[in-house]
Amino acid sequence: MSLVRETRNLLLQAPLKPRAGLGWKGFAQCQIRRSSVSQRPGSDHVHFPGAVDSKFTTKLEFEKPSQKPAMPTYRILDQNGVIVDKSRPPLDVSDEEVLKWYNDMLTVSIMDLIMFDAQRQGRLSFYIVSAGEEGIAVGSSAALHPSDVIFAQYRETGVFKERGFTLDDFMNQLFANKKDVGHGRNMPVHYGSRKLNIHTISSPLATQIPQASGAAYAVKLQDLQNPDSPRRVVACYFGEGAASEGDFHAALNIAATRSCPVVFICRNNGYAISTPTLEQYRGDGIASRGVGYGIETVRVDGNDIFAVREATREARRLALEGGGKPVLLEAMSYRVSHHSTSDDSFAYRAKVEVEDWKRRDNPITRLRKWLEGKGLWDDEKEKDARSRVRKEVLAAFVRAEKEKRPPLGMMFEDVYEDMTAEAREQARLLREHIERYPDEYDVEEFEGGIRSLEK
Amino acid sequence: MRPILPRLRTLPFQQAGGRRSSTFPPNARLNRPTDFSSTPLLCHTSQTALANPELPASARQSKTIRSNLFQSVNSALRHALSTDERVLVFGEDVAFGGVFRCSMNLATDFGSERVFNTPLSEQGIVGFAIGCAAEGMRPVAEIQFADYVYPAFDQFVNEAAKFRYRSGGTGMNCGGLVVRMPCGGVGHGALYHSQSPESLFTHVPGLKVVMPRCPIQAKGLLISAIECNDPVVFMEPKVLYRAAVEQVPAEPYAFPLSKAEIVKPGSDLSIISYGAPLYTCSAAIAAAENDLDIKVELIDMRTIYPWDRNTILESVRKTGRAIVVHESMFNAGVASEVAASIQEGALLRLEAPVKRITGWSTHTGLVYERFNIPDVARIYDAIKNTIEY
């Protein structure tokens, strides 16, 4: 007896009663599953359990991805900041909101320039800029609810800015001082904020994506248990390189099967350090994979902040539809900058390619053109804004750089909820050692010197 | 990771009250930065480089080239690619030379069929490499940072390590597999660019785990690893890629795996270590020998598993005292295994407990790294305590 038939018989023999805990809805699902393997005579499609709506064909034909058209890229504004579809309904956003987005993007780009150079001067160990991708971060964040939970990668400074991370918050983390909520443990740009519902960034790529699916499931169940609370989604950011990790695939599949209200936002900027997309994948971007996992998917022009915001808002709505479901949004952009301060991208791509992109399009200049078209912005305002932001960034920079490091004892804390006896012993050994060799250690830059090592 | 000329136009103020990323206390006698130009661990002249008794005659008669560690890794890969057409080199960003420049010009010289970029997936890279090896190739895969190797653990632990054992009489195996990965602290790598996960591999029989201490060793050990018929995890201390420069024999040569090396002979105490901390040990030994009138033996394990018990036990039977030093965490680290073996094999010769000087049982937080990774003062103190026990 074939395995298929054997399985089918077993299923048919199963007693017809609702599964414990599932209720009649669960029972109905069992029924559907059971009937899906039976096939009526003369049926035009086979009901294999793994592909229930597949029609029979007598033509042997392989699907050829290369012959399918690429998924379109949604945009509202053209490169000149003009609305493409004149017949579309007017943009439902106030001028104040748009000006805030512009200010947020400008702030990120000015902070990026200053901190990149500060790293070059040796004042902080590392930095990652967002050049060219500010629109994706700010635009998507603007469409989310503050109570939505966010998992980010490391090029989402604009998300933090849009949600309300202050310049002091940024600088305290970048300088790993005692006011950094991460206690000086993380590399620069690995921000996190409980207040803003953003989990702390972890360097390994893609690890946050299945976590976002799980968090979305948690949020969904919690919201079901508290029907009066506003319903939430989880948003998860990552790059097209990270989408090659197994974690990405696991995340989309589990989110689809468990109907998790999660919006996956892929920043496709063309490069994973030196590796161009052509060597990263051969399909139609990352968006085509969403379709494969049965996930509603859209591709959007990352340089168009209006399009990003509208697509994210719609994705959020879809994610909450019915019992909840995942949505994938692929935002197209170009990584104008080096990967990080540790990278010189001209070792693997032509400078002219980068200059072309810089000239061609950019989310900040595109929005500026729109603002100018509306009479909301001009050269004078631009000059003033740039000068103001620069001053604010530098003031926060100076404040943060002056602060002491966190207490040394923080080195041993938070490995577990409670410090182990082993860790307490090690902290004591370290303290006694430093006391024996005071000239060998500079502990004064740490808050409280060695006193925090007393346990 | 090429240096970029500074563009300092955005900052109105230069370094003033600001802090540097890493500092050395002004009055420190022990905790000084390693002076790589004078450390006895590097061969600063051709003569000392060619005097190495492990070198074959062909290499001993060759010229030497002043190389740093990434250049010597490159030289080993180049030798393997040019002498054995089964050798492949791949990983993330490998084609343009790799983020640490180890594969520089290899794609140009040997073609993109044999030297290529992979998509960003460690489990994919290692599984792919195992498959290549299982069908008779000699893949040298690169994991960009040891901190990122964990998605590949299933492939390492359940596949590479057990391949030969489960295949039994079929004789099928994945020998020829080498997975290179940069590891260890550099001063500012924090949680995810500082890890040294060797003990997670040494717990798994079936894998060989190797860590070179210098350019000469890197070349000889990597060539051996590629020639080895068992899977090898080859961990390269990234702090040494540029810093460690010495005269490296130009001709190819292979150094034995699973063989420790006595880097410096001594009679009163044995220090056993591997990789970058050997330089810290060497500095601590210099100070301690001067202050305490003792002679310390320094041993480089080189292969961390399966390791050379004989060399280490013989040394400890001679000196009666031992300290094991490594960067990674104290708990269940390599030092625990070495210390346990020493008490099993040399208990009656021991004059003092075997000390472990390692990273503490915590993670490497950014601003705490120099208090976490063993420094000269901690090793010096351990030597003093062990001698005076």
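The values are calculated or read from the model by the stated rules, or taken from the named source; none is laboratory data. Please read these numbers as outputs of a predicted model, since none were measured by experiment. Here the Cβ positions follow ideal geometry from the backbone for every residue, glycine too, while neighbour counts run over all protein chains shown. For accessibility, only protein heavy atoms count, side chains too; no ligands or nucleic acids. Shrake-Rupley method; radii C 1.70, N 1.55, O 1.52, S 1.80 Å.
In whole angstrom, how far apart do the alpha carbon centroids of region B:189-207 and region A:73-134 sit?
40
For region A:405-428, which residues drop by 40 square angstrom or more in accessible area between the chain on its own and all protein chains together (1.4 Å probe)?
Hits at the 40 Å² cut-off: A:ARG405, A:MET411, A:VAL415, A:GLU422, A:GLN426.
Suppose we compare each residue of region A:321-344 in its chain alone and in the full protein complex with a 1.4 Å probe; which ones drop by at least 30 Å² of accessible area?
Buried by 30 Å² or more upon assembly, which counts only protein chains, are A:SER342, A:ASP344.
Is the shape of chain A rounded, prolate or oblate, going by the alpha carbon gyration tensor and its root eigenvalues a ≥ b ≥ c, with a/c under 1.5 for rounded and a/b larger than b/c for prolate?
oblate
Output the pairs from A:LYS358/A:LYS402; A:LYS100/A:LYS383; A:LYS100/A:LYS402; B:LYS238/B:LYS259 with a Cα-Cα distance over 27 Å in this structure; if there are none, say none.
Pairs exceeding the cut-off: A:LYS358/A:LYS402; A:LYS100/A:LYS402.
Kindly express, to the nearest 10 degrees and within the range 0 to 90, the angle between helix A:23-35's C-alpha long axis and the longest C-alpha principal axis of chain A.
Between helix and principal axis, roughly 60 degrees.
Kindly report the accessible area of region B:239-361 per residue (heavy atoms of protein chains, probe 1.4 Å, no ligands, DNA or RNA), in Å².
35
How much accessible area per residue does region A:408-453 have, in Å², with a 1.4 Å probe?
Per-residue accessible area for region A:408-453 comes out at 52 Å².
Using a Cα-Cα cut-off of under 17 Å, which aspartates and glutamates could be cross-linked to A:LYS59, ignoring same-chain neighbours fewer than 8 residues away?
A:ASP44
For region B:259-298, compute Rh as the Kirkwood radius over C-alpha pairs and then the Stokes-Einstein diffusion coefficient at 10 °C and 1.306 mPa s; write the answer in µm²/s, rounded to an integer.
Values: Rh = 10.2 Å.
My calculation gives 155 µm²/s for D.
Need one word for region B:259-387: rounded, prolate or oblate. Basis is the Cα gyration tensor (sqrt eigenvalues a ≥ b ≥ c); a/c below 1.5 gives rounded, then a/b vs b/c decides.
Cα axes put region B:259-387 in the oblate bin.
Taking 7 Å along the Cα-to-C-beta vector as the label spot, tell me the A:GLU61-B:ASN385 distance in nanometres, rounded to one decimal.
7.6
How many Å² of accessible surface get buried when B and A come together, counting both sides, probe radius 1.4 Å, rounded to the nearest 100?
The summed interface area works out to 5800 Å².
Using only atoms on other chains, find how many Cβ atoms lie within 10 Å of each Cβ of peptide B:108-118 and report the average.
If you average over the peptide's residues, the count of other-chain Cβ atoms is 1.
Using Cα atoms only, what is the angle between the long axis of helix A:351-360 and the major principal axis of chain A, expressed in degrees (0 to 90) to the nearest 10?
80
Using a 10 Å cut-off on Cβ to Cβ distances, tally the other chain neighbours for every residue of A:169-176 and report the average as a whole number. All intermediate terms of the calculation are to be shown ahead of the outcome.
Working: counts 0, 0, 0, 0, 0, 0, 3, 8.
Across the residues of A:169-176, the mean count of other-chain Cβ atoms within 10 Å is 1.
Kindly provide the pair-distance distribution of chain B built from C-alpha pairs, with 10 Å bins from 0 and whole-percent values in order of increasing distance.
So the P(r) values, bin by bin, are 5, 23, 32, 26, 11, 3, 0, 0.
Carbon and sulfur atoms: what percent of the 1.4 Å accessible area of the protein assembly as shown do they account for?
54
Run the paramagnetic zone check for A:ASN103: 7 angstrom along Cα to Cβ, then residues of region A:143-159 with backbone nitrogen under 11 Å.
Of the residues in region A:143-159, none has backbone N under 11 Å from the label point off A:ASN103.
Please give the FRET efficiency for A:ASP418 paired with A:ARG194, using the beta carbon to beta carbon distance and R0 = 22 Å, rounded to the nearest 0.05.
0.60
Under 19 Å Cα to Cα from A:LYS325, which lysines show up? Leave out anything in the same chain fewer than 8 places away.
A:LYS25, A:LYS220
Across the Cα atoms of region A:408-453, what radius of gyration and what greatest pairwise Cα-Cα distance (Dmax) are found, in Å?
10.9, 33
How long are the semi-axes of the ellipsoid equivalent to the protein assembly as shown, from square roots of 5 times the Cα gyration tensor eigenvalues, in whole Å, largest first?
Equivalent-ellipsoid dimensions as semi-axes: 48, 36, 28 Å.
Calculate, for A:LYS68 and A:HIS145, the FRET efficiency according to 1/(1 + (r/R0)^6) with r their C-beta to C-beta distance and R0 30 Å; round to the nearest 0.05.
About 0.25, to the nearest 0.05.
Pull up the cross-link candidates among the aspartates and glutamates for A:LYS179, meaning alpha carbon to alpha carbon under 12 Å and not fewer than 8 places away within one chain.
Cross-link targets: A:ASP168, A:ASP169, A:GLU401, A:GLU403, A:GLU447.
Treating the angle as unsigned and between 0 and 90°, give the value, to the nearest 10°, between the Cα long axis of helix A:421-436 and the longest Cα principal axis of chain A.
20
Under 17 Å from the 7 Å Cα→Cβ point of A:LYS374, by amide nitrogen: which residues of region A:106-130?
A:106
Counting only DSSP beta bridges with both residues in the protein assembly as shown, tell me the antiparallel percent, nearest 5.
Close to 20 percent.
In region A:355-390, what trypsin sites (Lys or Arg not before Pro) fall in a loop by DSSP, with at most 14 other Cβ atoms inside 10 Å?
Sparse-neighbourhood loop trypsin sites (Lys or Arg not before Pro): A:LYS374.
Going by average Cβ density within 10 Å per residue, which order do the peptides A:80-93, B:370-383 take, highest to lowest?
Those peptides, ordered most packed to least, come out B:370-383, A:80-93.
If the label point is 7 Å along Cα→Cβ of A:ALA347, which residues in region B:115-157 have backbone nitrogen under 16 Å from it?
Counting only backbone N, you get B:116-118, B:142-145.
Would you tell me the mean number of C-beta atoms belonging to other protein chains that fall within 10 Å of each C-beta in B:120-127, as a whole number?
The shielding value for this peptide is 5.
So what is log10(I(q)/I(0)) for region B:46-249 at q = 0.10, 0.14, 0.16, 0.19 1/Å, when the Debye sum runs over its Cα atoms only?
-0.40, -0.79, -1.03, -1.40
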